[in-house]
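Any read-out appearing in this document is the output of simple, stated calculations on the displayed coordinates, not a laboratory observation. Predicted, not measured: the structure shown is a model, and the values here were computed from it. Counting neighbours? That spans all protein chains shown, and the Cβs are built from the backbone with ideal geometry, glycine included.
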Amino acid sequence: MQKRIRVNQLRVGMYVEDVEIGGKAGAQRFTPFLISSPSQVERMMASHVMTVVIDIVKGVDIHPSTRFLAASGRAGFDAKLLAMFAASDIRQARQCIEETKPHIRRVLADARIKASFDSEAASSAVERIMSTAFNNAGALIAVAKLKEKDEVTFLHSLAVSALMITFGRFLGHREEDVRVFGLGGLVHDLGKMALPDAILTKSGKLTAEEMDLVRRHPQLGYELVSSVEHTPREVLDICRYHHEKYDGTGYLGRLAGKTIPYSARIAAICDVYDALTTIRPYKQAFSQAEAINMMMTSPGHFDSHLLSAFVSKMVIGGPLR
Ligand SMILES: [Fe+2]
């Protein structure tokens, strides 16, 4: 039985079936192996591998201690938040999430059930996120890190939107442009709503056919969002190109460098940052330092100037500190 885990969950005794680098399946010549020493774990941690597929019949499962995260996770998470932010900031962030929830749920449900884009609900959500992100971005992004099973899509959309609003603001963009970034962040993965649940929730390794389907979500999202007149070009670009990589090895268009629209290069950074730092009740997340380190050492994935700006403006002394 296969299970996909983060590289920081590796331990001696696990049987590694495959590796994924930034969501991309490993090279075909990858040879499965049993981890027999701590140095092998260290080597994997130091590599560019982000996700690993293990076989828990041929080797051991994730560390039993991580199973207890569910019991102590919420309390531990809350204590950590309180050590970093004022209680009033955390309350304000939670209130923002609660008030945004119905709007985002409507956007997601419309995409799934009616294959349509509720741009009014999306705009309402972005206005609410903007009002909190402008003075309380750190707490909002931190609170959205812990994602329960049914909250993953909703909170990922909200977090990427908040990250793009905050990053856009730190990059010196005007409020209208920042609002557009926020909308793009909110709907960047809307195309996933057109995919079967079985694929989205599958914990084992995806087959080649399933992977092909998943890789169509940027195009599906683009088609969905472009059905509404006057959707800003940047929002369409974010949907369509957020999985492109700077070196031209991403998908769908295999665009490279500055031919990838600017807004999509920003979205790629915010999307991967949130995915890496997301905490789930039964899974450990990468720490912020680990996530940034992995992103900085993923050659060719991101626009290095924008990534440096993300680190200097958002992380070092910024709202993600
Ligand atoms: Fe995506």
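Report the charge-dipole magnitude of the chain in Debye, nearest 20, computed about the Cα centre from +1 at each Lys and Arg Cβ and -1 at each Asp and Glu Cβ.
Details: 40 positive and 35 negative charges, 138 e Å.
Roughly 660 debye for the chain.
The share of C-alpha pairs in region 148-304 whose separation exceeds 22 Å stands at 42 percent.
Add +1 for every Lys or Arg and -1 for every Asp or Glu among the other residues with Cβ under 14 Å from the Cβ of residue 104, and state the total.
On the way: positive: 101, 105, 106, 112, 128, 147, 192; negative: 98, 99, 110, 118, 120, 127, 150, 151, 189.
Neighbour charge sum, excluding residue 104 itself: -2.
Annotation for residue 116 and residue 233: the two label points, set 7 Å from Cα along the Cα-Cβ direction, are 2.8 nm apart. Rounded to the nearest 10 degrees, what's the angle between the helix 69-84 long axis and the longest principal axis of the chain, both from Cα atoms, 0 to 90? Once rounded, the angle reads 50 degrees. Using C-alpha pairs under 8 Å with a sequence gap of at least 6, the mean separation divided by the residue count of the chain gives a relative contact order of 16 percent. Shown is the FRET efficiency for residue 215 and residue 94, computed with R0 = 30 Å from the Cβ-Cβ distance and rounded to the nearest 0.05: 0.30.
Helix 119-143 axis versus longest C-alpha principal axis of the chain: approximately 60°, rounded to the nearest ten.
Take the Cα of residue 131, go 7 Å toward its beta carbon, and the backbone nitrogen atoms of region 80-115 under 16 Å from that spot belong to 91-104. Taken over the alpha carbons of the chain as equal point scatterers, the Debye sum produces base-10 log I(q)/I(0) values at 0.08, 0.11, 0.12, 0.16 Å⁻¹ of -0.35, -0.68, -0.82, -1.50. In this simple spin-label model, placing a label point 7 Å from the Cα along the Cα-to-Cβ direction at both residue 312 and residue 152 gives a separation of 3.6 nm. Rounded to the nearest 10 degrees, the angle from helix 87-109 to the longest Cα principal axis of the chain is 90 degrees. DSSP assigns beta bridges within the chain; of those with both partners inside it, close to 95 percent run antiparallel.
Let me have the 222 nm mean residue ellipticity of the chain computed from DSSP H runs of 4+ only, each contributing -39500 (n - 2.57), with the sum over all residues rounded to the nearest 500. All intermediate terms of the calculation are to be shown ahead of the outcome.
On the way: 14 runs with 169 residues, N = 321.
Estimated from H runs of four or more residues: -16500 deg cm²/dmol.
A simple rule links phi to the HN-Hα coupling: the Karplus curve 6.51 cos²θ - 1.76 cosθ + 1.60 with θ = phi - 60°, which for region 227-235 gives 6, 9, 4, 6, 5, x, 3, 4, 5 Hz, with x for Gly and Pro. For region 233-283, the equivalent ellipsoid derived from the alpha-carbon gyration tensor has semi-axes of 23, 12, 9 Å in decreasing order. In terms of distances greater than 32 angstrom between alpha carbons, the cross-link table entries 114/258; 80/245; 3/80; 58/245; 101/258 yield 114/258; 80/245; 58/245; 101/258.
If you find the alpha carbon centre of region 148-200 and of region 33-58, how far apart are they in angstrom? Using only Cα atoms, the two centres lie 31 Å from each other. Close amide H pairs (under 5 Å, H built 1.01 Å from N) link residue 18 with 53, residues at least 5 positions away or on another chain. Taking only the C-alpha atoms of region 2-56, Rg followed by Dmax gives 9.9, 26 Å.
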